[in-house]
1. How many residues does region 205-234 hold that are surrounded by fewer than 17 Cβ atoms within 10 Å (Cβ to Cβ), in contact (Cβ under 8 Å) with a residue 40 or more places away in the chain and either in contact with a Pro (Cβ under 6 Å, 6 or more places away or on another chain) or in a loop (DSSP other than H, G, I, E, B) (or both)?
2. State whether one or more residues within region 194-208 are modelled with pLDDT under 95 and of a type outside the set (Asp, Glu).
3. Somewhere in region 31-48, is a residue in contact with a helix residue (DSSP H, G or I) (Cβ under 9 Å, 6 or more places away or on another chain), closer than 21 Å to Val96 by Cβ and among the β-branched types (Val, Ile, Thr)?
4. Tell me which of these Trp304 doesn't satisfy, since it passes every other one: (1) surrounded by 22 or more Cβ atoms within 10 Å (Cβ to Cβ); (2) out of contact with any helix residue (DSSP H, G or I) (no Cβ under 9 Å at 6 or more places or on another chain).
5. I'd like the residue in region 254-278 that is in a loop (DSSP other than H, G, I, E, B) and more than 21 Å from the chain's Cα centre (by Cα) and, out of all such residues, is surrounded by the most Cβ atoms within 10 Å (Cβ to Cβ).
6. Between a residue in region 60-81 that is aromatic (Phe, Trp, Tyr) and any residue that is surrounded by 19 or more Cβ atoms within 10 Å (Cβ to Cβ) and at pLDDT 95 or above, which pairs come within a Cβ distance under 7 Å, given they are 6 or more apart or on different chains?
7. When region 235-245 is examined, which residues are found to be outside any strand (DSSP E or B) and surrounded by fewer than 18 Cβ atoms within 10 Å (Cβ to Cβ)?
Amino acid sequence: MAPEPLTDLRQAWPLPTAPRPIVVIGAGGIVHDAHLPAYGKHGFAVAGIYDVDQDRARQRAKDWNIEVVHESLISAAETKGVVFDLATPPAAHLQVLEALPDGSTVLIQKPMGGDLREATAIRDLCRTKNLTAAVNFQLRFSPMGLAVRDLIDRGWLGEVVDLEVHLNLLTPWHLFPFLKGMDRVEIAVHSIHYLDFIRSIMGEPSGIYAKTLGHPAAEGMAQTRTSAILDYGAMRRCCLSINHNYARGPEFEDASIRIEGTRGCAVMTLGLLLNYPEGKPDQLRFVSDDVEGGWQSVALEGGWFPDAFRGTMANLQRFTAGEDDSLITDVADAWSTMALVEAAYRSSDGGATPVPTGSQP
């Protein structure tokens with residue numbers, strides 16, 4: 001008989017005692033699919049919404065019973081006693097942050113700018129304006145991400161020595177027309193989640209080897225596939241194999257992260273990415289020398305979307321209120337993820353080590 005699913009692992013970030021209302025700046029698909037469902041589900045009131053596309057903002061307000069649709073960024077920024085949720089494209093982050101009052105509390109959508117130069121400018125502006133600012137890197141706050149962190153903290157996996165991210169699936173790129181024409185796509189917009197999650201588990205790598213490239217079927221997309229190896233020294237291996245263009249049906253599809261330690265192993269299945277955007281349930285299984293019964297299934301309480309978006313907002317609000325000691329994805333930590341992304345693109349642009357020819361020793 002299979003063991004009962006484990007339920008006592010940590011899966012949700014605690015909510016603030018006195019949640020502050022939120023003003024959402026930006027009303028794109030991610031707001032409809034994740035931000036607003038998470039806030040509604042977990043008791044965060046939305047005080048207003050603004051988007052340069054007023055029709056889109058009004059539609060989101062109608063869908064989610066938001067009473068105030070701001071007609072300008074200035075009007076939204078003048079709202080008192082709120083947390084600003086920037087669900088804006090990376091190129092717009094600086095402009096919006098400049099418009100916010102000094103001392104504001106703000107959650108910034110990932111990525112933190114289009115490249116490391118913009119990320120540095122965002123970090124420095126947040127410091128100058130004394131903003132309490134975090135970046136919405138939420139995979140580590142997903143129920144499965146928090147549960148894996150708990151497994152590690154309990155010592156059930158031992159020392160993490162091997163981590164592999166594997167995607168082989170078909171991503172519907174037509175749902176993201178704004179990505180067409182961008183110089184940086186796959187790592188900057190998608191695999192950035194995995195690089196941030198890896199940092200949260202394994203710390204800072206000394207370097208990265210990467211190659212990111214497009215696909216004939218993904219016309220207009222600069223990159224849709226990536227291979228990368230992160231350098232963690234002689235005894236720890238970490239790699240990513242990312243293919244968004246597997247179009248041969250559900251057989252052999254995969255969206256998983258395997259984390260192996262000296263005393264156990266955990267495998268996360270990112271169900272959201274399978275049959276996106278409808279998705280499938282996330283899964284987490286693990287085995288440990290310290291837990292009887294072989295491989296265990298963890299009964300997950302929610303999924304990456306929308307429940308991880310609870311965690312980033314809750315941590316930000318709790319930190320601002322003095323209920324959390326640290327701001328997990330503050331702009332300084334997020335800058336380090338952006339630096340890893342930058343290194344990956346530089347590695348890809350630099351090319352591989354040439355293979356010696358017959359005329360070379």
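The values are calculated or read from the model by the stated rules, or taken from the named source; none is laboratory data. Everything numeric here is computed off the predicted structure, so don't read it as measured data. Counting neighbours? That spans all protein chains shown, and the Cβs are built from the backbone with ideal geometry, glycine included.
1. Adding up the residues that qualify gives 1.
2. Residues of region 194-208 that are modelled with pLDDT under 95, as a first pass: none.
No; the residues of region 194-208 include none that is modelled with pLDDT under 95 and of a type outside the set (Asp, Glu).
3. Within region 31-48, one or more residues are in contact with a helix residue (DSSP H, G or I) (Cβ under 9 Å, 6 or more places away or on another chain), closer than 21 Å to Val96 by Cβ and among the β-branched types (Val, Ile, Thr).
4. (2)
5. Looking at the filtered set, the residue picked out is Arg263.
6. Trp64/Leu36; Trp64/Val46
7. Met235, Arg236
Here is a yes/no grid of residues against (1) of a type in the set (S, T, N, Q); (2) crowded, with 21+ Cβ neighbours inside 10 Å; (3) assigned by TED's automatic domain parsing to the domain that holds Phe84:
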| position | (1), (2), (3) |
| --- | --- |
| Lys280 | no, no, no |
| Gln283 | yes, no, no |
| Ser288 | yes, yes, no |
| Glu292 | no, no, no |
| Leu316 | no, yes, yes |
| Arg346 | no, no, no |
| Gly350 | no, no, no |
| Thr353 | yes, no, no |
| Thr357 | yes, no, no |
